[in-house]
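Everything below concerns the one structure shown next.
The values are calculated or read from the model by the stated rules, or taken from the named source; none is laboratory data. Keep in mind that what you see is a predicted model, and the values were worked out from it rather than measured. Note: ideal-geometry Cβ built from the backbone for every residue, glycine included; neighbour counts use all protein chains shown. Just so you know, the surface numbers come from the protein's heavy atoms only, side chains and all, with ligands and any DNA or RNA stripped out. Shrake-Rupley method; radii C 1.70, N 1.55, O 1.52, S 1.80 Å.
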Amino acid sequence: MIEAEWWDYDSAEELTEAVAGDAQFVIESALDARGDAVVAFPGGSTPLAALDLLKKAKLRWKDVTILPTDDRLVPVQDKLSNVRMLAERFLPLGARVLPLTGGDLPVAEAGKAADARLQAVHWPLDFVWLGMGADGHTASIFPGPDLEAALTAPHRAIGVTPDPLPPEAPVARVTLTKSAILSARAVLIHITGAEKRKVLEKALKDGAGSKYPIGRLLADTSQAIDIHWCP
Ligand code: 6PG
């Protein structure tokens with residue numbers, strides 16, 4: 001059984017405030033301790049309200065580097081692009097927003113290019129904020145031919161092709177690996193709804209033997225994981 005702390009909220013507003021508050025706190029602490037902060041934020045719909053709240057925080061944004069936990073292999077102007085979503089919110093504040101994807105590379109090369117770019121980043125990450133799909137994927141660590149590599153590769157990022165392709169964004173991706181995620185100074189999981197809660201509880205219970213990627217990911221964590229949830 002993986003040790004994780006659940007933080008339950010009655011409403012979406014309370015959840016949003018708590019997650020944005022935690023992200024602000026971790027960034028402030030990193031800025032105080034090291035002078036800069038490097039953080040990874042998720043795509044998908046769940047984090048949007050909290051990201052909108054976080055961007056109002058008075059922080060030394062010019063010393064903050066933000067990257068997506070994963071991104072879809074689409075042009076940056078595409079509505080499926082996670083880096084576009086982050087850039088729209090945080091570039092105007094002066095933050096550095098780092099893409100995981102770019103150019104027109106095939107998936108494996110896109111992963112290698114992302115890994116190479118991440119070698120130039122202050123490491124480990126100060127903070128990884130994760131979402132989760134109802135199929136138990138997190139970041140873009142999905143069921144499919146690249147699952148084992150995402151869980152075992154020593155690289156910081158790799159290219160993956162989910163199987164089945166997720167209907168909301170049926171494209172190949174680049175994702176932070178388990179090794180990159182678990183090496184972060186702090187990891188937070190942000191989910192909503194009874195269905196996702198059930199999946200995550202089962203994944204935590206089954207750990208390394210889980211059928212869900214997030215269970216396999218968290219099975220090796222040596223740090224406390226905070227899970228923020230509302231119905
Ligand atoms: C992405 C993600 C992914 C996301 C989940 C949940 O697809 O870009 O980073 O891991 O967090 O799919 O997405 P929702 O919040 O939209 O349910």
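Helices from the chain with mean Kyte-Doolittle at least -1.0 and a Cα length along the axis of 24 Å or more, per DSSP H: which?
Answer set is 12-34.
Please work out the average accessible area per residue across the chain, using the 1.4 Å probe convention, and give it in Å².
Each residue of the chain exposes 44 Å² on average to a 1.4 Å probe.
Testing the spin-label approximation: label points 7 Å from Cα along Cα→Cβ at Glu3 and Val121. State their distance in nm.
That separation, rounded to one decimal, is 2.8 nm.
What residues qualify as long-range amide H neighbours of Leu130, i.e. H under 5 Å apart, gap of 5 or more or another chain, H built at 1.01 Å from N?
Here the answer is Leu188, Ile189, His190, since their amide H atoms fall under 5 Å of that of Leu130.
Could you compute the net charge surrounding Arg216? Neighbours are other residues with a C-beta less than 11 Å from the C-beta of Arg216; K and R count +1, D and E count -1.
With Lys, Arg at +1 and Asp, Glu at -1, the net is -1.
What is the distance, in nm, between label points placed 7 Å from the Cα along the Cα-to-Cβ direction at Glu17 and at Ala134?
Reported label-point gap for Glu17 and Ala134 is 2.9 nm.
With the cut-off at 26 Å, report for the chain the share of all Cα pairs above it, as a whole percent.
Of the Cα pairs, 31 percent sit more than 26 Å apart.
Excluding Leu91 itself, calculate the net charge of residues whose Cβ lies under 12 Å from the Cβ of Leu91, where each Lys or Arg counts +1 and each Asp or Glu counts -1.
Residues close to Leu91 contribute a combined charge of +4.
Run the simple label-point estimate for Leu105 and Ala57 please: 7 Å along Cα→C-beta, distance reported in nm.
3.0
Just give me a number: lysine pairs in segment 4-230, eight or more positions apart or cross-chain, with C-alpha atoms less than 17 Å apart.
6
Only loop residues by DSSP count here, and only those with at most 16 other Cβ atoms within 10 Å; note down the GluC sites (Glu not before Pro) in segment 1-64 that meet that.
Passing sites in segment 1-64 are Glu3.
At 0.36 nm per residue, and after removing the present C-alpha to C-alpha distance, how many nm does the segment from Ser222 to Asp206 gain when stretched out fully?
Extra length available between Ser222 and Asp206 comes to 4.1 nm.
Name the residues whose placed amide hydrogens come within less than 5 Å of the amide hydrogen of Thr69, ignoring near sequence neighbours (fewer than 5 apart) on the same chain.
Here the answer is Phe41, Gly43, since their amide H atoms fall under 5 Å of that of Thr69.
Count charges around Val121 for me, please; just the other residues with Cβ under 12 Å from its Cβ, Lys/Arg as +1, Asp/Glu as -1.
With Lys, Arg at +1 and Asp, Glu at -1, the neighbours total 0.
Using alpha-carbon positions, what is the distance between the centroids of segment 50-81 and segment 132-181, in Å?
19
Rounded to the nearest 0.05, what FRET efficiency do Leu165 and Arg34 give with R0 = 45 Å and r taken as the Cβ-Cβ distance? Could you check?
Computed FRET efficiency for Leu165 and Arg34: 0.70.
Taking all protein chains in place and a 1.4 Å probe, what share, in percent, of the accessible surface of segment 4-230 do carbon and sulfur account for?
Looking at segment 4-230 in its full context, I get 55 percent from C and S.
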